[in-house]
1. Can you name the condition, by its number, that ARG213 falls short on among (1) under 28 Å from PHE2 (Cβ atoms); (2) touching a residue at least 40 places away in the same chain (Cβ under 8 Å); (3) more than 19 Å from the chain's Cα centre (by Cα)?
2. Inspect the stretch 331-354 for any residue being at pLDDT below 90, over 20 Å from the mean Cα position of the chain (by Cα), outside the structural domain of THR166 (by TED's automatic domain parsing) and among the aliphatic types (A, V, I, L, M) and give the result as yes or no.
3. Report every pair of residues separated by at least 6 positions or lying on different chains whose Cβ atoms are under 6 Å apart, first residue within the stretch 272-289 and in contact (Cβ under 8 Å) with a residue 24 or more places away in the chain, second charged (D, E, K, R).
4. Consider GLU208 against the criteria (1) in a helix (DSSP H, G or I); (2) at pLDDT below 90: it satisfies all of them except one. Which criterion is unmet?
5. In the stretch 114-154, how many are among the hydrophobic types (A, V, I, L, M, F, W, C) and not in a helix (DSSP H, G or I)?
6. Within the group LYS479, LYS466, LYS398, which residue is basic (Lys, Arg) and outside any helix (DSSP H, G or I)?
7. Does ASN84 count as at pLDDT 90 or above and either polar (S, T, N, Q) or buried (at least 20 other Cβ atoms within 10 Å of the Cβ) (or both)?
Amino acid sequence: MFLKSLKIENESTIVRDMLFYKGINLIVDETKTPDKKESGNNVGKTTVLRLIDYCLGGKGENIYKDTEFVQNTNVEVENFLKQNNIIITLSLVDDLDNPLTEICIRRNFLSRKDKIVEINGESFANKDALAKELKKRIFNSEEDKPTFRQIISKNIRDEKNRLQNTLKVLHATTTKDEYEPLFLFWLGIELNTSTYKDKLNRDKKTEENLQSRLKKEGTLSMIEQSLLVIDRSIQELITKKETFNINPSFEKELSELNQVKFDLNRYSTELSRFEMRKELVVESKNELENEKSNVDVAQILNLYNEANALIPNLQKSFEDTLSFHNQMIDEKLKYIVRELPDLDKNIAAIKREINQLLTRERNLTAHLKKNGAADDLERIIIELNSEFEKKGKNEELKRLWEQSIKNIAEIDKKLTQINESINSKDELIQQRVAKFNEYFSNITYKLYGEREILSADPTDKGYEFKVTPVAGNSGTGKKKGQIAAFDLAYIQFADNMNIRCLDSVQKTM
């Protein structure tokens, strides 16, 4: 799809109507100034890119907020957009000369009932619904992964990570597993397993976190050996208890006491399970909350240093990354803590039952003592109770360990099947990469005299894509050229393979 026009207006006035043409479209500053060294940085290049991005499902806050210091808002711009109900209209066509299909996207900056989010006059609830529909209309895809915003991330290079990275254009914390379906999609290979694979990887991470928590209590082998020792101790205590001479009424009450202990053991097991689950949830919650401030500063600093080497005087790195990072964490927090109320309710109910049973146990023990129960018998009963509680806790730990091991084995089996399915397409993947490199290596050679290639290597976590020079390491000064070459090569590749794609827009210095 090609950019046809971008219109900025309110209800009565057209503020700006920009038309796009075949080939390269440049936004330049033609202001006559005595100083020939002035760069034209205030001409509005970035704003145009961000308005286009906004129409394509972006948040739009970067239009009037500082991307590094997000609390700093350009109130004048924000008020202009909102108080004048500025409407942005982006038109896309399949062909600039003879268009058969046109997509007209309209958005404003208001909220609730005054919000405008439209495609060809059809309203959508929010930007996510808009992006989903755009993926369907532009890329003819209804799969959840990769998302529309991920697909077009290389088409709109306005933020630092997209300006300094050729391939890794998503957030810094994005994993290789998340990149794989995106890179394959760019090659025209869409997987219907991407969403499922992403879910499996998240489930596996949850199980690994659980096992880390369980290791604090003991390994599976330690717990199994502890249970053997506890069972022997219980059997010895039961044998000692049976040697006492007791009358029938005493035996009846003792039987009731044993039933109470059995119930206590059962409820203790349940309580242990719920409390452990709650501890895991709270621990995950605390870890996520800590992540909001305790980000990997070293990693961000490395990214900043790389960016600063590529883009001198760059001062927008940490706050923007931190803000996006925290937004992702907030969504995870909502998902994680949703079961806490039910867990608290179950824990409270079980504790009430346990307290009632403990009261009954004390009463029975006291009555038995009055009726001739020896101090030794009372001691045995107390020891038995303690051993049964230990057994209940260890049995629950064993169950959690065994279930988690089983879950990870099943997840790994499914991931292996998915990866084998993807690897079965290796010949097709390598053919597509080779076709792309026909264009890419030629363009890099023309731009800076060096042939570079894209490669796709299968790993245990999926395909890893890299750009490397044919001979040795490329200098950092060629990075901008590499990015431009990649984007130009992709347009040629997509045209040759009849792969649907979107016009690319990029901020220049």
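1. Exception for ARG213: condition (1).
2. There is at least one residue in the stretch 331-354 that is at pLDDT below 90, over 20 Å from the mean Cα position of the chain (by Cα), outside the structural domain of THR166 (by TED's automatic domain parsing) and among the aliphatic types (A, V, I, L, M).
3. Every condition considered, the pairs that remain are SER272/LYS393; SER272/GLU396; ARG273/GLU396; LEU280/ARG213; LEU288/LYS332.
4. Status for GLU208: all satisfied but (2).
5. The total comes to 5.
6. Sole residue among the options that is basic (Lys, Arg) and outside any helix (DSSP H, G or I): LYS466.
7. Taking the combined requirement at face value, the residue satisfies it.
Residues are listed down the side, and each one gets a yes or a no for (1) touching a Gly at 6+ places or on another chain (Cβ under 8 Å); (2) on the phi > 0 side of the Ramachandran plot; (3) in contact (Cβ under 8 Å) with a residue 60 or more places away in the chain:
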residue: LEU130; (1), (2), (3): yes, no, yes
residue: GLU133; (1), (2), (3): no, no, no
residue: THR147; (1), (2), (3): no, no, no
residue: GLU159; (1), (2), (3): no, no, yes
residue: PHE185; (1), (2), (3): no, no, no
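The values are calculated or read from the model by the stated rules, or taken from the named source; none is laboratory data. The structure displayed is predicted, hence computed values, not measured ones. FYI the Cβ positions are ideal-geometry reconstructions off the backbone, even for glycines, and counts take in every protein chain you see.
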